[in-house]
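K.L.:
Could you have a look at this structure, given as structure tokens, before my questions?
The values are calculated or read from the model by the stated rules, or taken from the named source; none is laboratory data. Everything numeric here is computed off the predicted structure, so don't read it as measured data. Note that each Cβ is placed from the backbone with ideal geometry, even for glycine, and that neighbours are counted across all protein chains shown.
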Amino acid sequence: MTMPSPLCPWRMQVHHITQETPDVWTLALLCHDQYRWRAGQYALVSINNSPDTLRAYTISATPGVSPFITLTVRRIENGVGSGWLTGQVKRGDYLWLSDAQGDFTCDRDDNDRFLLLGAGCGVTPIISMRRWLATYRPEADVAVIYNVRTPQDVIFADEWREYPVTLMAEQQATLGFLEGRISREVLAAVPDIASRTVMVCGPAPYMDAVEQMARELGVTRVRKETFFTPAAAPASSGLKFTTLHPAREFYGPVGTTLLEALESNRVPVNAACRAGVCGSCKTRVLSGEYTVSSTMTLTEKEIADGYVLACSCHPQSDLALA
Ligand code: FES
């Protein structure tokens with residue numbers, strides 16, 4: 001079986017699949033080589049073992065602790081990656097993964113007080129880091145707040161019984177759950193919150209709200225998992241972008257990346273790593289000024305023809321796109 005993409009050189013075999021909640025599954029993978037990752041990192045997965053479709057998923061396993069490499073995936077309606085991983089991939093199949101990526105990790109943080117927060121599937125790097133801290137920094141003071149829609153949406157429910165955790169359910173809160181969304185009161189009840197490193201993963205509005213409330217409570221170290229980048233509201237002025245197919249005109253603020261401008265205006269674009277690594281956001285610029293911070297997957301000819309990685313393209317003027 002040949003490697004579908006040089007970006008995904010790690011072949012892994014599905015050992016088993018566990019259903020965590022009504023719409024979340026964990027795939028436990030075996031890798032016969034020495035795959036290295038840090039707790040909280042993610043990997044790109046070649047979807048359908050195709051070179052063109054890469055999607056990023058957090059590795060929910062913990063290095064040196066978990067017996068398998070695991071991906072925990074929520075099935076999203078019409079999601080190409082999640083639909084394949086949770087609906088078609090079966091035990092014994094092979095997947096291809098990239099090197100582990102990202103710096104949403106706690107292993108180099110010298111603070112020994114943490115507050116880890118996850119919402120929904122954003123809990124995957126949180127559980128990875130929680131296990132890591134329990135194993136390698138047992139003296140660390142770690143608080144966890146996990147927000148879900150309903151109690152049945154708790155992922156890793158059995159494992160959370162091993163750790164101190166505040167569970168919050170937006171609806172149908174049962175015994176053991178606080179009802180509602182994350183709030184300033186809940187954060188303020190965390191002992192010594194101002195001295196903690198706060199690490200948060202989930203939908204962007206959730207992460208932004210946590211950051212703002214934590215800073216108001218005196219926290220100076222807040223880290224968000226930028227992998228779940230949201231689409232911002234479309235701009236109505238600033239740099240002008242035009243596309244030929246379909247013919248459209250839209251705006252993005254000065255300082256935007258091309259990817260942010262496209263996403264905020266709902267122009268279809270693929271983006272997996274958002275870091276200039278996977279090549280999935282390749283886009284052609286016909287005219288205009290821009291700088292680039294990565295051309296990693298592009299050939300000389302593509303660069304000469306105006307192709308850029310949208311996530312790593314920084315427009316300096318109005319741009320015309322193919
Ligand atoms: S999203 Fe991966 S290179 Fe842009």
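K.L.:
Within the stretch 286-322, how many residues are surrounded by fewer than 21 Cβ atoms within 10 Å (Cβ to Cβ) and either β-branched (V, I, T) or in contact (Cβ under 8 Å) with a residue 60 or more places away in the chain (or both)?
P.N.:
Count: 10.
K.L.:
Right, another one. Scan the stretch 176-203 residue by residue and report those that are assigned to a helix (DSSP H, G or I) and polar (S, T, N, Q). Walk me through how you get there before you give the answer.
P.N.:
Step one: list which residues in the stretch 176-203 are assigned to a helix (DSSP H, G or I), which gives 184-188, 193-195.
Scanning the stretch 176-203 gives a single hit, S195.
K.L.:
I would also like to ask the following. Provide a single number: the residues in the stretch 98-124 that are over 14 Å from S60 (Cα atoms), modelled with pLDDT under 95 and either surrounded by 22 or more Cβ atoms within 10 Å (Cβ to Cβ) or in contact with a Gly (Cβ under 6 Å, 6 or more places away or on another chain) (or both).
P.N.:
1
K.L.:
Just to be sure, is L85 assigned to a helix (DSSP H, G or I), in contact with a strand residue (DSSP E or B) (Cβ under 6 Å, 6 or more places away or on another chain) and within 15 Å of Q13 (Cα to Cα)? Show your work before the answer.
P.N.:
Values: assigned to a helix (DSSP H, G or I): yes; in contact with a strand residue (DSSP E or B) (Cβ under 6 Å, 6 or more places away or on another chain): yes; within 15 Å of Q13 (Cα to Cα): yes.
Taking the combined requirement at face value, the residue satisfies it.
K.L.:
Having 1 or more residues that are under 26 Å from L7 (Cβ atoms) and within 11 Å of the ligand (Cβ to nearest atom) is the bar; report the helices (runs of 4 or more DSSP H) wholly within the stretch 204-314 that clear it.
P.N.:
Numbers: elements: 204-216, 258-264, 300-304.
Correct list: 258-264.
K.L.:
Tell me, which residue of the stretch 188-204 that is within 26 Å of D110 (Cα to Cα) and within 23 Å of the chain's Cα centre (by Cα) is modelled with the lowest pLDDT?
P.N.:
Filtering the stretch 188-204 down to residues within 26 Å of D110 (Cα to Cα) leaves 188-202.
Narrowing the set further to residues that are within 23 Å of the chain's Cα centre (by Cα) leaves 196-202.
On the way: R196: 98, T197: 98, V198: 98, M199: 98, V200: 96, C201: 95, G202: 91.
Only one residue tops the list, namely G202.
K.L.:
Of the numbered conditions (1) in contact (Cβ under 8 Å) with a residue 40 or more places away in the chain; (2) farther than 28 Å from K282 by Cα, H32 satisfies every one except a single condition; which is it?
P.N.:
That leaves (1) as the condition not met.
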